[in-house]
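The next block holds one structure in the form of structure tokens; read it before the comments.
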Amino acid sequence: MNSDQQVCANVQEKLSAYLDDELTQQEQQRIYLHVQACPQCRALADDLTAMRSNLKSAVLCSVDERDLPKILHDQPARRFAFIGWALLIAAVLLIGGIVSWQFIREVLNDTGIGRWLGIGVIAFYVGLFLLFLSVLRQRLIARKTDKYKKVQL
Ligand SMILES: [Zn+2]
């Protein structure tokens, strides 16, 4: 082994640490200069860099794409979500019902202009609620018939 090969062996040994920026500034500089000047070591450094970026994208892919159906179809998570939505809707209906009932009773007990204003407000909210229900229904039907839903990524 001549001295050039010795230098190359030395550099190649530290290439991984060099690419991770783990060496001292002086060593980083020394290896940087050698890699710029030596085609053999530069090829190795390029290979290492390419391998690392492939590895990184493979790891990202496994999280982002390959495990996505598993995450989306995770049964406990779906069950929790379902219970959460059910509780939320029940609470909204209960609170909304109580408030509405109180309001309707007050309107019915009132006489004069306040009564008609109240009835107008009730009509407004009932209309809004019915519109909301129709949109919700359309969304649910659209979801059920979505042909892409069952496609595995
Ligand atoms: Zn070299």
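Please treat every number below as a calculation from the coordinates, not as lab data. If you're wondering where the values come from, they're calculated on a predicted model, not measured in any experiment. Here the Cβ is made from the backbone with ideal geometry for all residues, glycine too, and neighbour counts use every protein chain on show.
Results, tabulated for the structure shown:
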read-out: Between helix 39-61 and the chain: long-axis angle, C-alpha atoms, 0 to 90°, nearest 10; value: 20 degrees
read-out: Point-to-point label distance, Arg115-His73, nm (Cα→Cβ direction, 7 Å offset); value: 6.0 nm
read-out: Taking Lys70, Lys14 and counting other C-beta atoms within 10 Å, the order from fewest to most; value: Lys70, Lys14
read-out: Dipole of the chain [Lys/Arg +1, Asp/Glu -1 at C-beta], most positive-end residue of Ala90, Leu130, Cys41; value: Leu130
read-out: Extent along principal axes [Cα atoms of the chain; Å; largest to smallest]; value: 107, 37, 24
read-out: Point-charge dipole on Cβ atoms (K/R +1, D/E -1) for the stretch 74-144, about Cα centre, debye to 20; value: 440 debye
read-out: The chain - mean residue ellipticity at 222 nm from DSSP helices (-39,500 (n - 2.57) per run, n ≥ 4, rounded to 500); value: -27500 deg cm²/dmol
